[in-house]
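The values are calculated or read from the model by the stated rules, or taken from the named source; none is laboratory data. Predicted model only: the values in this text are computed from it and were never measured. When we count neighbours, we look across all protein chains shown, and the Cβ atoms used for this are built from the backbone with ideal geometry, even at glycine. Each accessible area value is taken on the protein alone, full model and side chains, heavy atoms only, with ligands, DNA and RNA left out. Shrake-Rupley method; radii C 1.70, N 1.55, O 1.52, S 1.80 Å.
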Number of protein chains: 2
Amino acid sequence: MKMFNKVVIIGTGLIGGSLGLAFRKQHLAGCVIGLSRQQKNVRLAKKFGAIDNVGASIEVVADADLVILATPVDTIIDLAEKIAKKIKPDCIVIDVGSSKARIVSKLSALIPNFLGCHPLAGSEKKGIVNLKDSIFKGALCIITPTARTNPQILNKIKLLWKKLGANIVILSAEKHDFVLAFTSHLPHALAFSLISAIPHQYLALSSSGLRDTTRISSSDARLWSEIFLSNRRNILTALSIFQTKLTALKFALESKNKIRLGKILALANKKRAKLLELSR
Amino acid sequence: MKMFNKVVIIGTGLIGGSLGLAFRKQHLAGCVIGLSRQQKNVRLAKKFGAIDNVGASIEVVADADLVILATPVDTIIDLAEKIAKKIKPDCIVIDVGSSKARIVSKLSALIPNFLGCHPLAGSEKKGIVNLKDSIFKGALCIITPTARTNPQILNKIKLLWKKLGANIVILSAEKHDFVLAFTSHLPHALAFSLISAIPHQYLALSSSGLRDTTRISSSDARLWSEIFLSNRRNILTALSIFQTKLTALKFALESKNKIRLGKILALANKKRAKLLELSR
């Protein structure tokens, strides 16, 4: 079912490319146009069937019905002013950035029909070469409307994500950023720091535990520098709560308190079981 | 090819059970006897074909050619005195514990033909119900001889692990414990602390990043309390090195130093790529 005539995707990486592929496979758009700073990316996106055509310039947004901003966080903010002056008054603009408060505050002010979205479908395997229209199936998509969001637009975008197979959660941008600081940004900060702490010569003497615990430290450095900086305060809060937990474990270890240590680990077991149960 | 007449496995959990299954499938032993404090475990081990028979008591070690200690770390140490008095003079004893210095020092003193082993084939999915003879294929097995280890016994046990498909590394028990503090015990300590730091009500708002980063926080609480305490000092060292890395990331974030942050993450990317390359 066609939901939009012309869709423009700016940023044809893993998420942008996979979205294009899903739109085209499900015939959700009359045409899908891709734009990227890297010509290689859009050419590959076209080759992989993720877009119908490569946009010649940012001017292609002029007659778009939906513009999807799928670039790193800072670029989403930079793009806002450029596209705000060019789009039709009824054009819907969404982004798929991993932090929301800064983006939503800036873009809502410039673009009346803007709606922040965050599909939790990213991967450390970035880039168009890893595209898959199925990455949204069963994934969580957090949508962050404001008090001024048009309910019709919210419903239309909810329907879009449902068609892509995502489970929708509605949160304020601020709440989103606080929650994700714990459930996504903190694990990334720890994975980056953990791999940094392993002496090079010991890397070979490890097993799947280290491999899995550090998987997301392969996530793109530039993308993640921007996510970290865009959600600094919440991440620092999450880090300090993590620190109290690590200190508790360390104290139990230092004081050889086997009972205390056993309790900490047993509680962790229980919470991880809950996480697994929820993700089934 | 039969390498041993009678093999006794004490502790028929994931590793002990999988070893038994591998021994039986490859006809490496005349018979495999299982012993466990939990009768349910040995009964299941027999049912799953991991052992030929359930041992009636510790006395079954009397005519064994090989005894494998596959219990938690503290129990391995407790068992040493009991079996030292009962075994034949030429009986070989190995353990499969995750920390080595304490075990090797205690057991070598009591049992002349003792050899410490650590197959890096464990899993957060513990217990006999998860047994698989293939868990040793391609896994690393660290063997920790002492200056007094009989070279013939070392060669025989190396051959055994090779037959099971493991890649062998020889380290001193002390070196093993220092290395594993980084590559295994540190990731476990962080995974347990990370899941502890996530507020319960946010668990549902997460994706594969949190799931993978915390996988090993499902590891058995009792087993891991003992591993942590048996390698306290090295783990505290590893934790303090991790702490300096986390602090560096935190400072870059606090001071909004995008260049510094980008460099930290890019170096982490590079080291993780190396880890993946080494584990291929």
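Is it true that A:K40 is open to solvent by 10 Å² or more (accessible area, probe 1.4 Å) and in contact with an Asp or Glu (Cβ under 6 Å, 6 or more places away or on another chain)? Spell out the reasoning first.
Values: open to solvent by 10 Å² or more (accessible area, probe 1.4 Å): yes; in contact with an Asp or Glu (Cβ under 6 Å, 6 or more places away or on another chain): no.
Spelling it out, it is not the case that A:K40 is open to solvent by 10 Å² or more (accessible area, probe 1.4 Å) and in contact with an Asp or Glu (Cβ under 6 Å, 6 or more places away or on another chain).
State yes or no: is A:I168 assigned to a helix (DSSP H, G or I) and among the β-branched types (V, I, T)?
no
Here is a check on your reading of the model: is A:I216 β-branched (V, I, T) and in contact (Cβ under 8 Å) with a residue 60 or more places away in the chain?
Working: β-branched (V, I, T): yes; in contact (Cβ under 8 Å) with a residue 60 or more places away in the chain: yes.
The answer is yes for A:I216.
Against the condition within 13 Å of the chain's Cα centre (by Cα) and either crowded, with 23+ Cβ neighbours inside 10 Å or farther than 23 Å from A:L253 by Cβ (or both), how does B:D133 come out, does it pass? Spell out the reasoning first.
Values: within 13 Å of the chain's Cα centre (by Cα): no; either crowded, with 23+ Cβ neighbours inside 10 Å or farther than 23 Å from A:L253 by Cβ (or both): yes.
The answer is no for B:D133.
I'm trying to understand the selection: among the residues of segment A:27-61, which are more than 22 Å from the chain's Cα centre (by Cα) and closer than 18 Å to A:I94 by Cβ?
A:A29, A:G30, A:C31, A:G55, A:I58, A:V60, A:V61
Give segment B:137-184 a look and list any residue that's among the charged types (D, E, K, R) and loosely packed, with under 15 Cβ neighbours inside 10 Å, or say none.
B:K137, B:R148, B:K162, B:E174
Condition first: open to solvent by less than 10 Å² (accessible area, probe 1.4 Å) and aliphatic (A, V, I, L, M). Now tell me which residues in segment A:233-277 satisfy that.
Residues satisfying the conditions are A:I235, A:A238, A:L239, A:L246, A:L249, A:A252, A:L253, A:L261, A:L265, A:A268, A:L275.
What single numbered condition from (1) farther than 26 Å from B:A181 by Cα; (2) within 17 Å of the chain's Cα centre (by Cα) fails to hold for A:L159?
For A:L159, the exception is condition (2).
Just the residues that are of a type in the set (D, E) and out of contact with any Ser or Thr (no Cβ under 6 Å at 6 or more places or on another chain), please, taken from segment B:155-192. Break it down into steps so the answer makes sense when it comes.
As a first pass, look at segment B:155-192 and keep what is of a type in the set (D, E): B:174, B:177.
Listed by number, the list holds a single entry, B:E174.
Results for (1) part of a helix (DSSP H, G or I); (2) in contact (Cβ under 8 Å) with a residue 24 or more places away in the chain; (3) buried (at least 20 other Cβ atoms within 10 Å of the Cβ), shown as yes or no for each residue.
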| residue | (1), (2), (3) |
| --- | --- |
| B:T75 | yes, yes, no |
| B:D78 | yes, no, no |
| B:I83 | yes, yes, yes |
| B:V93 | no, yes, yes |
| B:G97 | no, yes, yes |
| B:A109 | yes, no, no |
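Can you spot a residue in segment A:117-126 that is outside any strand (DSSP E or B) and either more than 12 Å from every other protein chain (Cβ to nearest Cβ) or touching a Pro at 6+ places or on another chain (Cβ under 7 Å) (or both)?
Within segment A:117-126, the subset outside any strand (DSSP E or B) is A:120-126.
Add one more test, that the residue is either more than 12 Å from every other protein chain (Cβ to nearest Cβ) or touching a Pro at 6+ places or on another chain (Cβ under 7 Å) (or both), and what stays is none.
For segment A:117-126, residues outside any strand (DSSP E or B) and either more than 12 Å from every other protein chain (Cβ to nearest Cβ) or touching a Pro at 6+ places or on another chain (Cβ under 7 Å) (or both): absent.
Filter segment A:163-197 down to the residues that are of a type in the set (D, E, K, R) and within 17 Å of A:L120 (Cβ to Cβ) and list them by number.
So the first thing to find is which residues in segment A:163-197 are of a type in the set (D, E, K, R), and the list is A:163, A:174-175, A:177.
Of everything in segment A:163-197, those that are of a type in the set (D, E, K, R) and within 17 Å of A:L120 (Cβ to Cβ) turn out to be A:K175, A:D177.
Report whether or not A:S230 is surrounded by 22 or more Cβ atoms within 10 Å (Cβ to Cβ), within 30 Å of A:D78 (Cβ to Cβ), in contact with a Gly (Cβ under 7 Å, 6 or more places away or on another chain) and of a type in the set (S, T, Y).
Answer is no for this residue.
A:S219 - would you say it is more than 7 Å from chain B (Cβ to nearest Cβ), open to solvent by less than 50 Å² (accessible area, probe 1.4 Å) and within 30 Å of B:E124 (Cα to Cα)?
So A:S219 fits the description; yes.
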